[in-house]
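J.: Have a look at this one before I ask anything.
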Amino acid sequence: MKYLLRKSYIDVVGGIWLPYGAKASLRIDLSKYDLENIKDEKEQFTREGISLWLAAHSGDFSSILDWSASIEEGNETLDFPFDTEEGEIAWLDTLPDE
């Protein structure tokens, strides 16, 4: 038997509180409750709605430089890429070398 696990998440890059201004990244796994709170008044996921939710739920960051998201809705995957190339590069710069 096979199981398929579908996860929704937001990848955030920005400045953290201490040491102030240092760049860091974080993957936020979203619960069903989080997804319901991110939807706008039309019950849709939008870049603006995700940004508003992040503003209230990103306590580790003093500022958010950029973010990308992958949201599972029914049988669809909604992808929101990084807004800028600089944001994506900053995200990649914070990942550990493997």
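Taken together, the values in this text are just the output of simple stated rules run on the coordinates, not laboratory data. Everything quoted here is computed from the prediction, not taken from an experiment. Cβ sites come from the backbone with ideal geometry, for glycine too, and all protein chains shown count toward neighbours.
J.: In the neighborhood of Ala22, defined by Cβ-to-Cβ distances under 13 Å, what is the net charge if each Lys or Arg adds +1 and each Asp or Glu adds -1?
T.: Combined, the nearby Lys, Arg, Asp and Glu give -1.
J.: If the chain were replaced by its equivalent ellipsoid, with semi-axes equal to the square roots of 5 times the Cα gyration tensor eigenvalues, what would those be, largest first, whole Å?
T.: 24, 17, 12
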